Every structure is written in structure tokens, then in C-alpha cells.
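Read-outs: derived from the displayed coordinates by stated rules, not from any lab. Remember, it's a predicted structure, so these values are computed and weren't measured experimentally. Cβ placement follows ideal geometry from the backbone for every residue including glycine, while neighbour counts extend to all protein chains displayed.
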Protein chains: 2
Amino acid sequence: MTDLARQHCQPRKGPEHALDRTTIDDLLGQLPGWSLAADGKAIVKDFKFDDFHRTLGFINAVGFMANHEDHHPDIDAGYGHCHLLWSTHDVGGLSLNDFICAARVEALLAR
Amino acid sequence: MTDLARQHCQPRKGPEHALDRTTIDDLLGQLPGWSLAADGKAIVKDFKFDDFHRTLGFINAVGFMANHEDHHPDIDAGYGHCHLLWSTHDVGGLSLNDFICAARVEALLAR
């Protein structure tokens, strides 16, 4: 995860940047709690928080990072939870950018 | 809408605060673009934005208001869109609080 979290997103457009299942599984092994979406085209994780303030703070931290990396998640949030989904539209599935951003999310929460 | 947006959420717990369908339809008539969710227990609206910065700014403005009113939406957002859902868990459906908050969202966007 450390190595992934140190990388930055790069323009990754076109099917040549789509990751194969072996690579996806290897990268998911570095990201506890993250899993492949049912369609195989995204990675997802649920995060729990004690209240809406903390949830909103998390969304902002993720959003700041996402803007900085110019790669943006889908966010599904409520009072004390936030579900993140990373996918790379330009490759029609998963690129390394998705795993870099997931690792950067984990880095935000590391203790 | 103006009157609704001037009100503040109050503790509304218990089925006596659940609104009936006639009242819901009347209040929805004051909130352009808002509609009843399929299960009849929430009101929803999709908002579109030009980019993620604007979407995140909107989420923050809504979140600040939600914290201030102590009533919190479900938020489903991506790069240029944000779907809001208001419901009152404590009444098992819709209370006046949901419409007050929807009107306050509209007030944020009024020109």
C-alpha cells in the first residue's frame, strides 16, 4: 500500500491501461477492505464514522485528494457512513489510478 | 418555498409526525424538481454541476446546513452530480423536517 500511496495518477486513457484480473487481485491484496464491484469494473469500500461531521470531513479530505489527482470517485454517504467507488471511465474498467487513489484514501485514515 | 425555507427543523419523532400523502403532494408542489421516492418514504432530487469542485462545494453547503438543522440527507455524488435524499427515520417516512431541508437546499441555489 505504501508504494501505491506514493504514486500519483497519470493520464491513463484507452484499453491498454485497463488492468487484467491477475493484476487487480494482486493490487486488492494491498488494500484491506476494498473489493471488486459486481461488474468487475470498479473497486469499492464502505467506511463508518461516528457522526455526520466526521463523515463530511472524510468526504472533504477524499475530495481534496481527488481534485489534486484529477481522478474522482463516486461517493454514497449518509449520517455515519461513506461508500467510495473508484473506476476509470476512460478505460472502461480499472486502471492503476483507481488503486493509487484507494491507497491514498487508506493513507488518510492510517494511524 | 420561502416559508418552508424560513422554518427550522424540530424534533419530530413518532408516527404522529409522519405526513400524509395529501400534505406531501402539497409540499412537493412548492419544491420544483423534488419527487417522492419509489417507496414513498423519502423525497429526492438530482443536481448537476460543471465539475467536481462545484459538486464538493454543494455537498459542503448542504452538509453545513444539515448539521445546523441536525437533520441529515443521504448523498450520492460523482464528478458533476449530486443526488440528495431526505427522509425521517424516526417517523418511518416523511416529516416536515425533510421539506424544510429541501427548501433550504433550494435557497442555497436560488439566484
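Of the listed pairs A:LYS41/B:LYS41; A:LYS48/B:LYS45; A:LYS13/B:LYS45, which have alpha-carbon separations greater than 27 Å here?
Distance filter (> 27 Å) returns A:LYS41/B:LYS41; A:LYS13/B:LYS45.
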Relative to the compact globular guide of 2.2 N^0.38 Å, what is the alpha carbon radius of gyration of segment B:51-111, as a ratio? 1.12
Inter-copy spacing of B:HIS68 label points, which lie 7 Å from Cα along Cα→Cβ, given in nm from shortest upward: 2.9
Taking each label point as 7 Å beyond Cα in the direction of the beta carbon, state the distances from A:LEU85 to the same residue in the other copies, shortest first, in nm. 1.3
Which chain A residue comes nearest the axis with its C-beta when you rotate A onto B, and by how many angstrom? A:ASP76, 2
Calculated label separations, A:ASP25, copies of the chain, 7 Å along the beta-carbon direction, nm: 5.6
Put +1 on the Cβ of each Lys and Arg and -1 on the Cβ of each Asp and Glu in chain B; which of B:LEU108, B:GLY78, B:ILE59 then has its Cα farthest toward the positive end of the dipole? B:LEU108
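Wrap a convex hull around the Cα atoms of chain B, take a quarter of its surface area, and give that in square nanometres. Don't skip to the answer; put the middle values down first.
Numbers: hull surface 26.3 nm².
Taking the Cα atoms of chain B, their convex hull projects to 6.6 nm² on average.
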Please compute the Kirkwood hydrodynamic radius over the protein assembly as shown, one decimal place, Å, based on all pairs of different Cα atoms. 18.7
